[in-house]
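Inspection log for the structure reproduced underneath, given as structure tokens.
The values are calculated or read from the model by the stated rules, or taken from the named source; none is laboratory data. Keep in mind that this is a model prediction, so the values were computed, not measured. Positions of Cβ are backbone-derived with ideal geometry, glycine not excepted, and every protein chain shown enters the neighbour counts. Ligands, DNA and RNA are excluded from the accessible area calculation, which covers all protein heavy atoms including side chains. Shrake-Rupley method; radii C 1.70, N 1.55, O 1.52, S 1.80 Å.
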Amino acid sequence: MGAPARLAIWQAVRQNWLAHPEWTVPDHVAWLDGEGYDTDPIDSDPAEVIDRWLTEHRRTARPTAPPTATEARVYVVAGGDMVAVFDNPDAAGAQRMVMEAAGLDTIASALTPGQWDIAREILRAEHPDLVISDARPDATGQTA
């Protein structure tokens, strides 16, 4: 079994934008550098290109309200070709540690259920082979 493919630069920026909408362009550039992404092949200044990508993503994204302190959270951990979803931050943290121990780069985020619904549909549309494992119990106490 081969290792999962690494995300292209624009895909990594988009996923980080979904996970960290408050990040600035320098935050994205610093993250890419820290993760060892080579931005040299970008034809112009990487910050300008990333700024254009983010501007377009923000323009076309469906608006979501920021979560309030009383809203439920969905804890999402992504690594390789898998996304795991939890209703417990400790379980999500344990999953992230397992993924990182397996050598995967991970992204973790806390979303409202509505935000997760939107993100899940985007992920399924853009990455149909992605495995999404939802460990949250539904209304009957069963996991999804």
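Couple of notes before you dig in:
- In the stretch 32-43, the residues that are in a helix (DSSP H, G or I) and open to solvent by 60 Å² or more (accessible area, probe 1.4 Å): Asp33, Gly34
- Checked against (1) at pLDDT below 90; (2) surrounded by 16 or more Cβ atoms within 10 Å (Cβ to Cβ), Tyr75 passes all but condition (1).
- Every residue from the stretch 83-94 that is open to solvent by 60 Å² or more (accessible area, probe 1.4 Å) and not in a loop (DSSP other than H, G, I, E, B): Pro89, Asp90
- Scanning the stretch 53-69 for any residue that is buried (at least 16 other Cβ atoms within 10 Å of the Cβ), modelled with pLDDT of 80 or more and of a type outside the set (Val, Ile, Thr) turns up at least one such residue.
- Taken over the stretch 23-58, the criterion of being within 22 Å of Gly79 (Cβ to Cβ) and acidic (Asp, Glu) is satisfied by Asp27, Asp33, Glu35, Asp38.
- Being in a helix (DSSP H, G or I), open to solvent by 50 Å² or more (accessible area, probe 1.4 Å), more than 24 Å from Gly80 (Cβ to Cβ) and at pLDDT 85 or above is a condition met by no residue of the stretch 2-25.
- Taking the criterion of being surrounded by 13 or more Cβ atoms within 10 Å (Cβ to Cβ) and aliphatic (A, V, I, L, M), the residues of the stretch 95-126 that qualify are Val98, Met99, Leu104, Ile107, Ala108, Ala110, Leu111, Ile118, Ala119, Ile122, Leu123.
- Near pairs, Cβ below 6 angstrom, 6+ apart or cross-chain, from the stretch 92-112 (within 11 Å of Tyr75 (Cα to Cα) and in contact (Cβ under 8 Å) with a residue 12 or more places away in the chain) to any residue that is open to solvent by 50 Å² or more (accessible area, probe 1.4 Å) and assigned to a helix (DSSP H, G or I): Ala108/Arg96
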